[in-house]
Amino acid sequence: MSEDHSLSEVSSGSFRRTKPVEQRLQFDSVVLERYLATRIEGLRGPLQIEQFAGGQSNPTYLLTASGSSRFVLRRKPPGKLLRSAHAVEREFAITHALHSTGFRVARPRLLCEDESIIGTSFFVSDYVEGRVFWDQSLPDLPKEMRTSIWHEMCQIIATLHKTDYRAVGLETFGKSGNYCERQIDRWSKQYRASETEGIAAMDNLIEWLPRNLPRQASESIVHGDFRLDNLIFHPTEPKVLAVLDWELSTLGDPLADFAYHCLSWHVPPAHFRGIAGLDLAALGLPTEQEHVARYCRLTEREGIDPSHWHFYIAYNLFRIAAILQGIMKRVVEGTAASAQAFDAGRRAKPLAEIGWKYVEGIRRGWL
């Protein structure tokens, strides 16, 4: 997830909801209109501006222009920010590169780093009409559709990991090698900068993880937050139209990225909308083993070392807990971007505790 993300609860299969722009996130629409009118064809004022519900990290807006043309504006939030967080510039760069390959992202239109326009850097992309699913068990859909949607997710992340990043000019998009080591260091520092209470499991993970790194066998573009509610699906078909929220994307270990996606099988619904403990067969959802096997076939891998896999799961639970703690810090400081931020932030501790239980299982030979 990005230092955030869309963590509000919405009914499964809803079209993306909007609301009036929160007062602290408002800006001068006339200045924006003038700026965009000469830079994006079809975007002419007066603009109707709404804010998308959810999203703790980078506030996102729906722009409806004269003639009903619609675009999406995504910006850095106002206020003091953690270093390297809220990187809309990187989101624009990766979506621009991937769009050229036909990978399913919204068409990026422009990046503006002139903070005099709306107060922070932002980028604009096309609006993609479709469904966003929030409950990973997909309760409102037929069983066959659930199966197809999970297969589609596997296909999309496999396609991303097989994309030749050098061929699309992204060889400098991230540092090469040692992805997990760098990520653990980054999120440990950001967690420490965001602490609002002591969490023993996080202290333990920060100490254990860097000492037990598996060897990184390959490198690819990684999304960093690939999960169901960061995908826009076709209005009626189990087809992904666009992958959203590329704030945490970089070059890194594809298995770490895929394991984050697979946290669904390790987290109960009550903690973070996971599917752990559900009757997967009755729902038409794949088991983790089936999903991993499908991914390996699609990416032409022989398999994944089980000991490495359990490390990646523990690492990702640590990482998401650090991100959620960042949300809680913004709650305390009064800069969180949605009313659901507190509920998201309070989940940091239980997810860290699940992560440490996995480490204990590795250490004691249970896994």
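The values are calculated or read from the model by the stated rules, or taken from the named source; none is laboratory data. Bear in mind the structure is a predicted one, so any value in this text is a computation, not a measurement. Cβ coordinates were reconstructed from backbone atoms using ideal geometry, including for glycine residues, and neighbour counts include every protein chain displayed.
General remarks:
- Single residue of segment 22-48 satisfying the filter (assigned to a helix (DSSP H, G or I) and among the hydroxyl-bearing types (Ser, Thr, Tyr)) that is modelled with the lowest pLDDT: 29
- Of 137, 116, 121, all but one fail to be surrounded by fewer than 17 Cβ atoms within 10 Å (Cβ to Cβ) and more than 17 Å from the chain's Cα centre (by Cα); the exception is 116.
- Selected residue [of a type in the set (Ser, Thr, Tyr) and within 27 Å of residue 345 (Cα to Cα)] from 188, 176: 188
- Hits in segment 109-167 - residues which are over 23 Å from residue 263 (Cβ atoms), assigned to a strand (DSSP E or B) and in contact (Cβ under 8 Å) with a residue 24 or more places away in the chain: 109, 110, 112, 122, 123, 124, 125, 126
- Residue in segment 60-87 that is surrounded by the most Cβ atoms within 10 Å (Cβ to Cβ), counting only those that are at pLDDT 90 or above and closer than 19 Å to residue 230 by Cα: 74
- Residues located in segment 273-316, provided they are in a helix (DSSP H, G or I), of a type in the set (Val, Ile, Thr) and touching a residue at least 40 places away in the same chain (Cβ under 8 Å): 313
- Residue check for residue 290: assigned by TED's automatic domain parsing to the domain that holds residue 184, at pLDDT 95 or above, surrounded by fewer than 16 Cβ atoms within 10 Å (Cβ to Cβ) and under 27 Å from residue 91 (Cβ atoms): no
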